[in-house]
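Asks: One structure, as structure tokens, below. Some questions next.
The values are calculated or read from the model by the stated rules, or taken from the named source; none is laboratory data. Computed from a predicted model, the values in this text were never measured in an experiment. Cβ: placed from backbone, ideal geometry, glycine included. Neighbour counts: every protein chain shown.
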Amino acid sequence: MANSDRTIASVAFPMVMSGVYDYTIPARFLGKVCVGMPAFVDLRNRKLWGVVVSLKSFSPYGNLKELADIKTDRWSDADNSLIKLYEWMASYYQCDLGKLFKPFIRKSLIEAKSKFITVYQIAKIPESAALTEKQNAAFQKIRGYVGEELTATICQAALAITPHVLGELCKKGAVIKKRIAVLRKSEEQKVAEDNASYGGAIVLTKEQSDAVGKIREHGALRPHLLYGITGSGKTHVYIDLVKQTLEQGQSAIVLVPEISLTPQTIQRFRDAVGDCIAVIHSRMSNGERYDSLAELVSGRKRLVIGVRSAILVPVVGLGLIIVDEEHDQSYKQSDTDPRYNARDVAVMRGNIQKATVVLGSATPSLETFYNAQTGKYRLVTLARRYGKAALPSVQIIDMRKEKDVNNWTFLSRYLRIRIEETLAAQRQTILLLNRRGFSTVLICKDCGHVYSCPSCSVRLTYHKSEAMLKCHQCGYFQNEPSSCEKCKGLQLKFKGCAIQKAEEMLREDFPQARILRMDQDTTKGKTGHIDIIEAFERREADILLGTQMVSKGLNFPGVALVGVLAADVGLHFPDFRAQERTFQLLSQVAGRAGRADSEGEVVIQTYFPEDSAIVAAKSHDYIEFYNKEIIDREALSYPPFGKLARILVTGKIEANVRMVCSRIAKQMETHTTILTLGPAKAAWERLKNDYRYCFLIKSGSPRAIRDATCAMRKAVVPPRDVRVVVDIDPVNML
């Protein structure tokens, strides 16, 4: 709320400087400046956009500069509750307050403007004598659209009216020419509009209706975990909750973990609630994002659908937050500040703004399910699939036995037969292989040299379509070599099957099949993910081969078979959550099969068929997996039985990195309420030419971790060439 008695604005900067700087509010802005509002200021002789984070009547500093400009239409937080969330995040995740505004306060976005187009509309019926024959013919064409505003493109391309004739009609008063603002929409929204099917009302089952009733009854008192098996219709529950929230004049936020999920999600919600949706994700242009934020701040749009950063957007009258696939690790921002988890921020935002929070998943994170078991969250269950659909049968294939019969291909004999049968039945297949590229290793058979990234401690992956070796961590690439760079030998061998190689072999083995590949390389373009999903939905492909993005929440009724080509990828990562992630991935991708009335089947290929994660995935038994895994977590004081922080120390000179690590270790020894593990080399010892060492901090108290890490930050000031990062509640242990 603007306050004319407060003449000092404290400004933080998302992109440049840490800290908060005071500025006076000039007379022309008094009563107009609000917390959260973008402000244009002079900082050390640089003109920058920052954000107002507080207003006050006094500053201890003298000779303050004035605010040069403000944007009054970019923020909505009448009771300052959203800024309270930002302040909590800055404290909990130990980051600069200004950095939390990075998705919304940057020059290219702030200086974006509304888009205007020229339109033409019938003004009056002129006397025929006033128009030439050509003009009258053009007028009659436009007259067929009485009351409508026609763009210049429609007039010229569809109606074949020249610009000159249009101009003459305007001069004679027969047609009005005007400029109007148009709303720029994301590609997903355009697709949803093209496929709109309004009126397809969702009929809730009794189980779904009961779930909605329980959530509505208890509202914002506690977060709700909607634990529903794959295909149980959690989205139907979400839609009903959103409809009721909008009918009460409130707003809602729906989070999805992947951009690839937004097209289907937007389509379902738009069919149910109409054109009241704003979309937020990273592939939107500045203009599209500007318009989405403007619609939300003004209250013209009241439903936000987006990925992680959507939890931070200002909305008017927030009443509901839904986090779909709450277990997904993409909700955690791990590579840059602020290192927040959108799921946990959603819970805190609901608490601060008194909004109902629903966390949904078929495979909840152990922390979330434990919170539901202990009463911190309210558990709501969907135990049956929607309609007549049944859970698919699951076959485990021991790939060790395939070698015994001299089958060295990436497909087991059984899966090959099932793909052929599915093709013959004119049904669809999804195949999961969570490895990008063509081959995972290039090795010289003469000297044993393995091609690795010169800047990172990772092997280079071969991309055949580009004839290049690439590093998926730093972006380094080199052309495919003809001889060994070490011994000049010619016996170079590509080993390991990645997704591009799998695609090539599938095309050879099933020449009649129409195959789509969905991975980071094929979805780079703005509409790449939309094009693939739409094509598969329209049954224009028989097989969808993809990385983990094909496992998340997509609904394809034509899919009868799901094959997991290498279930062991990630199973033995140096991470205490490795088994949990494997179980979640297998269970989620298995849920893509048999979602219509016909039966589905899942084939899981593995070298470790006895592993508990794979055994539990076979029986679709989350509770069995949870009961076993939670015992191990408690024994080792891992979450949910303890809190974690990870300290990552990086730099170009290893000796300097080790020196800083030694100082951190001594500082952490002074805190008796925490357990410090490390320093140790990170699993990826070197990335982008930086040496990497890490600590793992464990404690039963979040406050103890915060106190210890904050004290360390103050006591240990690293040299300029060394960076120290504190990651609270880490999910990336590499």
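Asks: Could you check the stretch 455-481 and list, in sequence order, the residues that are part of a strand (DSSP E or B), closer than 20 Å to ASP690 by Cα and of a type in the set (Phe, Trp, Tyr)?
Replies: Hit for the stretch 455-481 is PHE477, nothing else.
Asks: Same structure again: Could you list, in sequence order, the residues of the stretch 674-700 that are in a loop (DSSP other than H, G, I, E, B) and either aromatic (Phe, Trp, Tyr) or at pLDDT below 95 (or both)?
Replies: Residues satisfying the conditions are LYS688, ASN689, GLY700.
Asks: While we're on this one: Report the residue count in the stretch 545-587 for those that are touching a residue at least 40 places away in the same chain (Cβ under 8 Å) and either more than 21 Å from GLN267 (Cα to Cα) or assigned by TED's automatic domain parsing to the domain that holds GLN267 (or both). Give the steps one after another, and end with the answer.
Replies: So in the stretch 545-587, the residues touching a residue at least 40 places away in the same chain (Cβ under 8 Å) come out as 545-556, 558-571, 573-577, 579-581, 583-585, 587.
Now restrict to residues that are either more than 21 Å from GLN267 (Cα to Cα) or assigned by TED's automatic domain parsing to the domain that holds GLN267 (or both): 545-548, 560-571, 573-577, 579-581, 583-585, 587.
Matching residues across the stretch 545-587 total 28.
Asks: Taking only pairs six or more apart or across chains, which ones have beta-carbon atoms under 7 Å, a first residue in the stretch 664-693 that is of a type in the set (S, T, N, Q), and a second residue that is at pLDDT 95 or above and assigned to a strand (DSSP E or B)?
Replies: Listed pairs, sorted by first residue: THR673/SER699; THR676/PHE695; THR676/ILE697.
Asks: Only one of these conditions is not met by TYR607: (1) under 26 Å from LEU226 (Cβ atoms); (2) surrounded by fewer than 20 Cβ atoms within 10 Å (Cβ to Cβ); (3) aromatic (Phe, Trp, Tyr). Which number is it?
Replies: Evaluating TYR607 over (1) under 26 Å from LEU226 (Cβ atoms); (2) surrounded by fewer than 20 Cβ atoms within 10 Å (Cβ to Cβ); (3) aromatic (Phe, Trp, Tyr) leaves (1) as the failure.
Asks: How many of the residues in the stretch 389-414 are buried (at least 16 other Cβ atoms within 10 Å of the Cβ), more than 15 Å from LEU431 (Cα to Cα) and of a type in the set (Gly, Ala, Ser)?
Replies: Result for the stretch 389-414: 1.
Asks: List pairs: first in the stretch 216-237 and over 15 Å from THR363 (Cα atoms) and surrounded by fewer than 18 Cβ atoms within 10 Å (Cβ to Cβ), second modelled with pLDDT of 95 or more and of a type in the set (D, E, K, R), Cβ under 7 Å, 6+ apart or cross-chain?
Replies: Here the result reads HIS218/ARG378; ALA220/LYS354, each pair linking the stretch 216-237 to a residue that is modelled with pLDDT of 95 or more and of a type in the set (D, E, K, R).
Asks: State which residue pairs qualify: first residue assigned to a strand (DSSP E or B) and inside the stretch 402-430, second residue crowded, with 16+ Cβ neighbours inside 10 Å and polar (S, T, N, Q) in any location, beta carbons under 7 Å apart, and separation of 6 or more residues or different chains.
Replies: Filtered contacts from the stretch 402-430: THR429/THR422.
Asks: What number goes with the only condition from (1) in contact (Cβ under 8 Å) with a residue 12 or more places away in the chain; (2) surrounded by fewer than 17 Cβ atoms within 10 Å (Cβ to Cβ) that GLU601 does not pass?
Replies: Condition not satisfied by GLU601: (2).
Asks: Looking only at the stretch 282-339, filter to residues that are crowded, with 24+ Cβ neighbours inside 10 Å and among the hydroxyl-bearing types (Ser, Thr, Tyr); which one of those is nearest to LEU226 (Cα to Cα)?
Replies: TYR331
Asks: Further question: Show the residue pairs meeting these rules: Cβ distance below 7 Å; 6+ apart or different chains; first residue within the stretch 179-199 and part of a helix (DSSP H, G or I); second residue basic (Lys, Arg) and modelled with pLDDT of 70 or more.
Replies: Close Cβ pairs (under 7 Å, with a partner that is basic (Lys, Arg) and modelled with pLDDT of 70 or more) amount to GLU187/LYS526; ALA192/ARG270.
Asks: Something else about it: Somewhere in the stretch 573-590, is a residue surrounded by fewer than 24 Cβ atoms within 10 Å (Cβ to Cβ), touching a strand residue (DSSP E or B) at 6+ places or on another chain (Cβ under 9 Å) and of a type in the set (Gly, Ala, Ser)?
Replies: no
Asks: I've got another one for you. Working only within the stretch 639-676, note down all residues that are farther than 24 Å from SER701 by Cβ, of a type in the set (Ser, Thr, Tyr) and either in contact with a helix residue (DSSP H, G or I) (Cβ under 6 Å, 6 or more places away or on another chain) or crowded, with 18+ Cβ neighbours inside 10 Å (or both).
Replies: Selection gives THR650 alone.
Asks: Separate question: Restricting the search to the stretch 636-650, which residues are at pLDDT 95 or above, of a type in the set (A, V, I, L, M, F, W, C) and either outside any strand (DSSP E or B) or over 25 Å from CYS661 (Cα atoms) (or both)?
Replies: The answer is PHE641, and nothing else.
Asks: Based on this model, can you work out whether GLY350 counts as under 22 Å from LEU585 (Cα atoms) and under 23 Å from the mean Cα position of the chain (by Cα)?
Replies: When the stated conditions are applied, GLY350 does not pass them.
Asks: Taking the stated definitions as given, is ARG384 at pLDDT 90 or above and either among the polar types (S, T, N, Q) or in a helix (DSSP H, G or I) (or both)?
Replies: On the way: at pLDDT 90 or above: yes; either among the polar types (S, T, N, Q) or in a helix (DSSP H, G or I) (or both): no.
No: the conditions fail for ARG384.
Asks: Among the listed residues ASP271, ASP291, identify the single one that is out of contact with any strand residue (DSSP E or B) (no Cβ under 7 Å at 6 or more places or on another chain), touching a residue at least 24 places away in the same chain (Cβ under 8 Å) and within 22 Å of SER76 (Cβ to Cβ).
Replies: The match here is ASP291.
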